[in-house]
Amino acid sequence: MLTCDEATQLIHSSHDGVLRAVGGARLREHLEQCSSCRSDAQTQRLIRDLLVRRPAEALPSGFEARLAARLDAERGLDWLGLINWRTWSIRLLPAAIILGFAIGIGRWQHADSQLTESLSRMLADGNVADALLDSGADGEALMLQELFFGRANQANRRSTR
Amino acid sequence: MDDERTLAAEAAAGSRDAFDELVKRHQARIYRLVRVLTSGDEDAEDLAQETFVRAFRGIARFRGDSAFGTWLHRIAINVIKSHLSRRRRRPVMVGPRADDGTEGVIEGLASVDDFELAVHRRQVIDHALATLPEDQRALIVLRDVQGLEYHEIATIMGLPLGTVESRIFRARQRLRPLLEHLWAPVSRD
């Protein structure tokens, strides 16, 4: 025979106190013996019956028309979205990022070639190399000459082509 | 409700007629849900409409994993929850409102006696439901007033099925002393 806890568990899962095949026979047997669980099962069915029959209220008059107007307004907002700066700014964000990136790369390349030209000019004049040689940094002077003369040569080759 | 999935798909593709048909089918249930869960709040109509407006905006996101009605109930529950939490923050006393029968006229009643009896029954039931803790009230209303299945309620509320079962069980036990006196008229029906 089921305990009251087990019976209560079965009443929970019986959904609304309607006995089912699984466990139904054992629960029925328990309910015949136990007035407390019988009362619980009865409460489930009766309260459900009451609530199912709760008198329904009618919709307020004009509900449908007012809702239709709100939905029309929503559809209108879709079009208004086209002139909404927030919508535009969000939609254009990826394009703006790509454009910004492209401009950044162009400017960087331009600055790089300018830097190379001016440094190679300085090194050709011997100002920087002389300064480094004067300060005793012979190695650094040679590296700079090699690096920037090399880059200047590459830049010159590109511009002649 | 496969035809509702079809209607929802048509509505998602831009058919206003399809969405209007879905509104027609569900408006009374959604309005009733809002009325019961807000204890007849004067904003009930606005909240019911807000539910449909949100569904309209989000219809493209309805994938058809659940019934359209279940999806709509989930939206309605979210609208109601937000409203109730806003209402709690307002410094006014709002309890179960007296239903004088002038609002939400009851459908299908022939005589004044029937009408008065029905208004009284609805008042008693709504007042009793209003005494339940919120977590139990929504569940029992979805089951017994709205007629949803337990698994649908579990989906809407994001709760395990066992929790839904035990909370509905406890809610009915709590309602018994408040509604016992209505049992006789029910058995006559």
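The values are calculated or read from the model by the stated rules, or taken from the named source; none is laboratory data. Only a predicted model underlies this, so the values are computations on that prediction, with no experimental measurement involved. Cβ sites come from the backbone with ideal geometry, for glycine too, and all protein chains shown count toward neighbours.
Cβ separations smaller than 6 Å between residues 6+ apart or across chains give no pair from the range B:137-161 residues that are closer than 13 Å to A:R48 by Cα and assigned by TED's automatic domain parsing to the domain that holds B:H127 to residues that are of a type in the set (F, W, Y) and part of a helix (DSSP H, G or I).
If you go through the range A:53-104 and keep only what is exposed (fewer than 10 other Cβ atoms within 10 Å of the Cβ) and modelled with pLDDT under 70, you end up with A:W79, A:L82, A:I83, A:W85, A:R86.
Given the criteria modelled with pLDDT of 95 or more, over 27 Å from A:Q44 (Cβ atoms) and more than 12 Å from chain A (Cβ to nearest Cβ), does B:V92 qualify?
Numbers: modelled with pLDDT of 95 or more: no; over 27 Å from A:Q44 (Cβ atoms): yes; more than 12 Å from chain A (Cβ to nearest Cβ): yes.
No; evaluated as a whole, the condition is false for this residue.
Each residue in the range B:76-90 was checked for being buried (at least 19 other Cβ atoms within 10 Å of the Cβ), over 11 Å from the mean Cα position of the chain (by Cα) and closer than 21 Å to B:E152 by Cβ, and 1 of them qualify. Of the residues making up the range B:40-75, not one is under 14 Å from the mean Cα position of the chain (by Cα), part of a loop (DSSP other than H, G, I, E, B) and under 15 Å from B:Q146 (Cα atoms). Each residue in the range A:1-36 was checked for being modelled with pLDDT under 85, more than 14 Å from chain B (Cβ to nearest Cβ) and touching an Asp or Glu at 6+ places or on another chain (Cβ under 8 Å), and 1 pass. Against the numbered list (1) farther than 20 Å from B:I125 by Cα; (2) free of Cβ contacts under 8 Å to residues at least 24 places away in the same chain, B:A28 comes up short only at (1).
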